[in-house]
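This report refers to the structure that appears directly beneath it.
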Amino acid sequence: MIEASQAKRGKAPAIRSPRVPKICAELGLEILPTNKKPGPGQTTAGATLHAIYRGHGEGHLIMLLRTLLESEGGSEHVNEFTLMGISDVMLAHPEWPSKGLAWLEAFDKVDLGDIREQARRNRQAVPQRHGIANALHRELSEMFDPANCVQFTRTEESTVPIDNDLLYGTRNIARFLEIPVDKCQRLIAEGNLPVFQMPGATTRCARKSTLNAFWGRFEQASVAASRAA
């Protein structure tokens, strides 16, 4: 996409470094042609990877890719907008990725699927790259810079539950309920699951204890409805 736009403007395509595919191979990322549909651990954003390498160096690119490939579910989201959005946050707040393991673990709690979808829906107002960066900043600030986060009046529903009762993200909620992610997303959209969001964050959360009680009643109602039909 980047090289295509350069060609339209009459500019020669940027030089590609042989280090980029080697780095990707070492980290387990496969670069596909742009006309292919990528799966987990694959990407069609080769031009973006080369642009990030040229602009910010090998160390930055490696940490960026590790952020996605070593976090839960992150390997499904190695696309142009996510790469650029995370890169922007890393450059703006270099003290966060410098925390190493804590930075990588933070992304286990971030629902990139939700963030990407919200950025896509709002792309007419805000470019997707910036929408992703903005959402990530809100969530990562809660973890790395809580003193500078805007303080909200917390209602009972937004009170932070104890850690072992808290589920972050649609994927983890679906896994806990043992249902497909798309079904979980549909139930949430229909208002049929008791989820909430932390103040200033975009990731959906749920309490395990609440889900257990609710899911039992929901399944009973579904059985009764199917019998009545």
**Request:** Would you check if there is a residue in region 160-175 being at pLDDT below 80, open to solvent by 50 Å² or more (accessible area, probe 1.4 Å), of a type outside the set (Gly, Ala, Ser) and part of a helix (DSSP H, G or I)?
**Result:** yes
**Asked** Can you pull out the residues in region 106-149 that are among the small types (Gly, Ala, Ser) and open to solvent by 70 Å² or more (accessible area, probe 1.4 Å)?
**Response** Ala125, Ala147
**Prompt:** Taking region 52-71, which residues are surrounded by fewer than 17 Cβ atoms within 10 Å (Cβ to Cβ) and in contact (Cβ under 8 Å) with a residue 24 or more places away in the chain?
**Reply:** Arg54, His56, Glu58, Ile62, Glu70
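Rundown of residues vs (1) farther than 24 Å from Val181 by Cα; (2) touching a strand residue (DSSP E or B) at 6+ places or on another chain (Cβ under 7 Å), yes/no style:
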site: Leu32; (1), (2): yes, yes
site: Lys37; (1), (2): no, no
site: Ile52; (1), (2): yes, no
site: Leu64; (1), (2): yes, no
site: Ser71; (1), (2): no, no
site: Gly74; (1), (2): no, no
site: His77; (1), (2): no, no
site: Thr82; (1), (2): no, no
site: Asp88; (1), (2): yes, no
**Request:** Among the residues of region 87-121, write down those that are assigned to a loop (DSSP other than H, G, I, E, B) and not acidic (Asp, Glu).
**Result:** His93, Pro94, Trp96, Gly100, Val110
**Request:** Test Glu80 against the criterion of being under 14 Å from the mean Cα position of the chain (by Cα), under 18 Å from Leu29 (Cβ atoms), open to solvent by 30 Å² or more (accessible area, probe 1.4 Å) and among the charged types (D, E, K, R), and give yes or no.
**Result:** yes
**Item:** Breaking point among (1) out of contact with any Cys (no Cβ under 6 Å at 6 or more places or on another chain); (2) modelled with pLDDT under 90; (3) not basic (Lys, Arg), for Thr82
**Value:** (2)
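The values are calculated or read from the model by the stated rules, or taken from the named source; none is laboratory data. The model shown is predicted, which means the values in this text are computed figures rather than measured ones. Neighbour counts run over all protein chains shown; Cβ positions are idealised from the backbone, glycine included. Note: accessible area is taken over every heavy atom of the protein model, side chains too, but ligands, DNA and RNA are not part of it. Shrake-Rupley method; radii C 1.70, N 1.55, O 1.52, S 1.80 Å.
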